[in-house]
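Here, each number is a calculation from the coordinates, and none is a lab measurement. Treat the numbers as computed from the prediction; the structure is a model and nothing was measured. Positions of Cβ are generated from backbone atoms using ideal geometry, with glycine treated the same way; all protein chains shown enter the neighbour counts.
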Amino acid sequence: MNSFLVALSPVKNTIITEADCSIKIHEAFNKIFPKMGINDFRVSSFFGYFFENVFIVDKEKNYKIMITIKKTEYFSSVIQKLFRKALNKEIIFIGENEFKIKGIISNDKIWTGYYNLEEILKKDFDELTSNLKIKIVTPVIEEKSNKFIFEFDKIFCEILKNFSEYCNENFNWINNRKNFLVKKEKYYIKEIKRNKKIKNSYLGEIEIKIIEEQYKNLIYAIFIFAKFYGIGKFSNYGFGQIIIKL
């Protein structure tokens, strides 16, 4: 998986009134790259505006979004096509609003990078920290109910489910408190509007300490995976984004 930022500038001053702006962004890039399936990549909303239903974008400014290509084989062609569109000053429609690409950023330490599972598993585990600080920066929503998720176990199960599907192997056995210690978990309820309905979601902070050295690389790899993949069913649209402080 590869993540990078795209800087967009509106053709004119525009009022964004889309409640689900990130869905429109995802649809726009899906039209640009029709060979990719809707689950082959994920996008963020405009940085700084995730919780805004109505906001103004200024034609004199650039607005960043993050794109993660889940299937590495698409990455090169995606970057090349975006560069061509930027050079040719082509218009990109997000909903009914017109934007131009002003830059592609791949050197941001927090938001960009690549995920290589084999590379992480082969690292000397002494190079990896045993303490991870995880921050959920965009909301996680339960698809089947509006109940608020209070506990780490449920979050980790969701991450493991996606990680197991990604690897085509069942890793549920790693979910054992003998392998790691949850030192801190704190969550915040956030009401958001989706499909004209108010739903509960959560943000939060988690600190864990990896206890079993033999599993350090794997546990580390699982959480780095979640940073790129996101958490929850709506992660393709920028939900469930985490950042990790090592």
Task: Near pairs, Cβ below 7 angstrom, 6+ apart or cross-chain, from region 211-238 (on the phi > 0 side of the Ramachandran plot) to any residue that is aromatic (Phe, Trp, Tyr) and buried (at least 20 other Cβ atoms within 10 Å of the Cβ) - done: GLY230/PHE239; GLY232/PHE239
Open item on the list: I'm trying to understand the selection: among the residues of region 51-102, which are over 19 Å from ASN30 (Cβ atoms), among the β-branched types (Val, Ile, Thr) and not in a strand (DSSP E or B)?
Closed with: VAL54
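Can you find even one residue in region 68-81 that is in contact with a Gly (Cβ under 7 Å, 6 or more places away or on another chain) and buried (at least 17 other Cβ atoms within 10 Å of the Cβ)? I'd like the intermediate steps shown before the answer.
Residues of region 68-81 in contact with a Gly (Cβ under 7 Å, 6 or more places away or on another chain): none.
No, because not a single residue in region 68-81 is in contact with a Gly (Cβ under 7 Å, 6 or more places away or on another chain) and buried (at least 17 other Cβ atoms within 10 Å of the Cβ).
One line per residue, one yes/no per condition, for (1) over 17 Å from the mean Cα position of the chain (by Cα); (2) hydroxyl-bearing (Ser, Thr, Tyr); (3) surrounded by fewer than 20 Cβ atoms within 10 Å (Cβ to Cβ):
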position: VAL6; (1), (2), (3): no, no, no
position: SER9; (1), (2), (3): yes, yes, yes
position: PHE33; (1), (2), (3): yes, no, yes
position: ASN53; (1), (2), (3): yes, no, yes
position: ASP58; (1), (2), (3): yes, no, yes
position: PHE99; (1), (2), (3): yes, no, no
Open item on the list: Testing ASN107 on (1) of a type in the set (S, T, N, Q); (2) exposed (fewer than 13 other Cβ atoms within 10 Å of the Cβ); (3) farther than 20 Å from PHE47 by Cα, one condition comes back false. Which one is that?
Closed with: (3)
TODO: Go through the residues of region 125-135 one by one and say whether even a single one is free of Cβ contacts under 8 Å to residues at least 40 places away in the same chain and under 30 Å from ASN179 (Cα atoms).
DONE: yes
